[in-house]
Structure formats: C-alpha cells, structure tokens
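Shown next, in structure tokens, is the structure this report addresses.
Every number in this text was worked out from the coordinates using simple rules, so none of it is lab data. This structure is a prediction, so every number in the text was calculated from the model and none was measured. Don't worry about glycine lacking a Cβ; one is built from the backbone with ideal geometry, like all the others, and counts go over all protein chains shown.
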Amino acid sequence: MPSQRTQEWMRTSLRTPGILIFGMVMAPCGWILNLTATVAPNWRTLNALPSSPPDEFIQQGIWEICRATTVQTRADCTLQDTEYFGSQVIEVAQGLMVASLVVTLIGLAVAIPGVRCWKDRPNWLLAGLGGILIFLSGVMTIIPIAWYTHILNEVPTVFPTIDVRVGYCIILGYIGGIFEILGGFVMFIGICRCCGGKNRGEKRVEQVTGARFDSRRQPARRVEVPSLDRARSEASSVPYSRDSLDEDVSFPRAKSPAARSANTSYGGRPYEADL
C-alpha cells in the first residue's frame, strides 16, 4: 500500500505569529510583577498592635519585616523574627520565587531565537521549549502565593496578631504567575499545528495554489457604463435653438463679399503682355 504523501504547508504572511507575540509580551510583564512580589516586604500586614499607636502597623515579606506608620513615609526594616522566617512556607516561598525568576529568564533566552521574525519560518521547537519553561515559572510562582494565602492567619510570629490583612505582594504574585502561565501555554501551542494551521499562520499548499488558479480562470467582470448621449427633447426649456437662429432673423445681415474671379484684368493702363 503506497504511503500517503506528506502535506506541505505554506506561511501566508512573514509577520510573527500572534501566539508568539502574545507569549513574548506576557512573560516579561509577569516577570516584573513576580520580581516586585519577591523583594517587597508586604506579603501580609499586621494592624491594631497592642501597646502601639493606632496608626502603626507591621509589614511582613519573605526576606524582611518592616514597621511603618500611616504618617511617616519611611519604614524601619531592621526587625527580626526567627519564628516567622523559620516556618516552612517562608523557606519554600524563598526558593520557589527565586527559581521562578531565573527560569523565566532562561525561557525567554530560549524562545527569542525561535521567535525571530526576520526568518521565513519561526523555529517552533525552540519557541515551544521556551513556552514550557515560562509556563513552569508561572506555576512555581502560584504555589507559594496560594499556600501563603491559605494559611495567612496561621503563619507563626512573635508579634501579636489581631488584624491580619493580605499585602499587595500576594496580588502582584497572582497576576504575574497567571501572565506567565498563559503566555507559556500559548507559545507551547505552536509546537503542534492545530485549527487548520491558523495558530501558525499557515495554509496547505493545495489551498493556496488552488485559490490562485481559480482566480486566474475567472473571466473579467463586465461593467455597464451608462451612455452620455441623450435624445433632444421636443419640449425644451430653451426658447430657441440653433436652427431657428439660422432661419428666422429679424434684422438685415451684412452681405458677404463676392468672390474674385481669377481672370479679372487690371483696370489701369494695359501692358504689352495683355495685348
């Protein structure tokens, strides 16, 4: 039984496919948000501290703890809490957040050579591998963020906690992780051709050549041009016509001069040649 001929595909445009553009935009945005969530000391906020002014609160991150007030803009980040930093969730968050930042950079470095738009065809294998790394970096961000949020009130600390609130680092971490997961997954889709090649911006060669052949065989469309000649109407709005001017004239015309005869002789003195 003869083997089926492998179908050939052709790119319809030299532009970078939309899935690669989407991934290359979402990944750096997610990396910036994750970097902010990693270094900023605001994973949770402790408010209404006993024996403290009412405007004073404590911000706890995965690397440092700061004491701040609503009046002063500067915070004191020299606080130490061995019980807080010794908890398991903090140790896991420190490792996974740093690993996520590194893996995202590696994924971008792998994907950039495959996404280059100055080639006729992108390197889908490199772009897909870069998408996998970016996807994994997003997962490594979501794991510690979700775990810390789940046990927000149970994380041990030497500071008495009365009012515990979620910090902005949790929100930025969620958004950054989702950006990286979406961007990496969309880039990974390019490894396999799906949706009739629309994800890669490609079409079958038979479809492209067949469409061109059909367009050449189509006859030229005939366009009906309206005629500019109009029949002269008997009931014209003009009170006179050109013919009536030639026929009916109410004033005498100047007579045209008579044509000179070729044999007209000179009326003066005759010459010998005239005799």
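Some notes on this structure:
- Which of Glu180, Glu224, Glu154 has the fewest Cβ neighbours within 10 Å, and the rest in rising order: Glu224, Glu154, Glu180
- Fewest neighbouring Cβ atoms within 10 Å first, the residues Cys66, Cys77, Cys169 line up as Cys77, Cys66, Cys169.
- Global form of region 9-208, assessed from the alpha-carbon gyration tensor, a/c cut-off 1.5: prolate
- Among beta bridges that DSSP assigns inside region 9-208, antiparallel share in %, nearest 5: 100
- Between region 76-143 and region 38-58, the C-alpha centres lie 29 angstrom from each other.
- Neighbour-count order for Trp124, Trp31, fewest beta carbons within 10 angstrom listed first: Trp124, Trp31
- Close amide H pairs (under 5 Å, H built 1.01 Å from N) link Ile65 with Leu79, residues at least 5 positions away or on another chain.
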